[in-house]
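Q: One structure, as structure tokens, below. Some questions next.
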Amino acid sequence: MQTIVTQDEQRRVIELEKMKKSLEAQLREMTKKVELQEEQIAMAKRDPLTGLRNRAGIAEQINHVLRKENKGAFFIMDMDNFKSVNDTYGHLEGDRVLVRFAESLRRAIAPGDMVARLGGDEFIIFTQGEISKSVLREKAAQIVRRVERDLISPGRLVRVTISMGIAQAPVDGVTFEGLYTNADKALYFVKNGGKNAFCFYNEIERQQKIKNSRKASLGEITLQLREKKMEGSFVVEYGSFEKIYRFMERNIGRENREVQCVLFTINEPIDVNMESYELQRQMEHLEHAVTSSLRKGDVTTNYSSCQMLTLLMDVNRQDAKTVIDRIIARYQEESGEGALEVQYDFEQLTPEQNVG
């Protein structure tokens, strides 16, 4: 029996075929767009010069690892004479040195290590897991020696060496931000102590005592002070903060300045069994949000395990509220789903009153 296909049915089949092809074309186009977006996101997390992960990419990766296993070692390093390379041989040669630096680090790391360029001549390595200090010390020494050897260029007058600071999780921090802050302090301790070496964050005090056992000249001291670069707000211990507060209180009236004193408080969750390192993690997020949101003239300190004090220099009350809102928004963005409630209170610093 022969099946008779009507013209209406033929038109319907043709229309369905067209619709199918149109949908397939749209699907292919959408797939291309998704792949392009994924490629752009991946590129945004890479340093275009060296091909290493950049700050955004490595911070995300390290925090992911630390959430799973709260152990590791964070090495931060930069070149001691990089400015001289740029000044003497030009920025193109400086870029070539940076690429060689990156290649040297790739060869120096162990399988599973993470390496990134944060910017300029600042690089980091993160090693996962629990590792003894003696092993980390030998690893640091090998990296310093290898990079110095790999960066030797015949005929170049400028000798390139590296300085390094090391922080360990969880004792020195439990997030990228916390480990970076403390490793950076160790790095600058090395810079101020003669460069071309490494130091653990938890050994700074002992090394400082050794350093203070000899007398320095005024020229040495002022050179070290000028070499200490500062980004964002000035972070100090509470005792130093108190002295700065009292100094401003004495002089604020004479200088006709407006200064706001802000107290940030993280409200601990109802869950009393919350791990202490989790609260520490949130404080590190808050500290990073504060220091990265403020200017170089502002001063901040940790007051307690869940509070931070900040002096906003030359800011009126209305502008202070804007700054505070920006800090809290940044904290919530960095903490993600783990963000806790942050409360704040602030008052304007007034001139010291003479009593009696």
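The values are calculated or read from the model by the stated rules, or taken from the named source; none is laboratory data. These figures come from a predicted structure and were not determined experimentally. Note that we place each Cβ from the backbone using ideal geometry, even for glycine, and neighbour counts take in every protein chain shown. The protein model used for the area step is the full one, side chains on, heavy atoms only, and it has no ligands, DNA or RNA in it. Shrake-Rupley method; radii C 1.70, N 1.55, O 1.52, S 1.80 Å.
Q: Give me the one-decimal nm value for the distance between modelled label points at Thr265 and Ser134, 7 Å along each residue's Cα-to-Cβ direction.
A: So the label points at Thr265 and Ser134 sit 4.8 nm apart.
Q: Which aspartates and glutamates, if any, have their Cα less than 18 Å from the Cα of Lys321, not counting same-chain residues under 8 positions apart?
A: Hits, sequence-local ones excluded: Glu258, Glu287, Asp298, Glu341, Asp345, Glu347.
Q: For segment 300-356, with all protein chains present and a 1.4 Å probe, just round the carbon and sulfur fraction of the accessible area to a whole percent.
A: So the carbon and sulfur contribution to the accessible surface is 42 percent.
Q: If you don't mind, there's one more thing I want to ask. Of all the accessible heavy-atom surface of segment 50-121, with the other protein chains kept in place and a 1.4 Å probe, what percent is carbon and sulfur?
A: 50 percent
Q: If you don't mind, there's one more thing I want to ask. Identify the GluC sites (Glu not before Pro) of segment 43-132 meeting these criteria: DSSP loop state and at most 12 other C-beta atoms within 10 Å of the C-beta.
A: When the GluC sites (Glu not before Pro) of segment 43-132 are filtered for loop state and at most 12 Cβ neighbours within 10 Å, Glu69, Glu130 remain.
Q: Can you tell me which of 259-265, 142-148, 177-183 comes out highest on packing, and rank the rest after it, using the mean Cβ neighbours within 10 Å?
A: Order by mean packing, descending: 177-183, 259-265, 142-148.
Q: Once label points are set 7 Å from the Cα along Cα→Cβ at both Glu242 and Gln343, what is their separation, rounded to one decimal in nm?
A: So the label points at Glu242 and Gln343 sit 2.5 nm apart.
Q: How large are Rg and Dmax for segment 85-161 when only the alpha carbon atoms are used, in Å?
A: For segment 85-161, the Cα radius of gyration and maximum Cα-Cα distance read 13.9, 43 Å.
Q: From largest accessible area down, sort His64, His288, His91; use a 1.4 Å probe on the protein chains.
A: The ranking, largest first, comes out as His91, His64, His288.
Q: For segment 49-207, what does the accessible surface come to per residue with a 1.4 Å probe? Please give it in Å².
A: 43 Å²
Q: Non-local amide H neighbours of Leu118 (under 5 Å, H modeled in plane, Pro and chain starts lacking H): which ones?
A: For Leu118, whose amide H was placed from the backbone, the distant partners under 5 Å are Phe123, Ile124.
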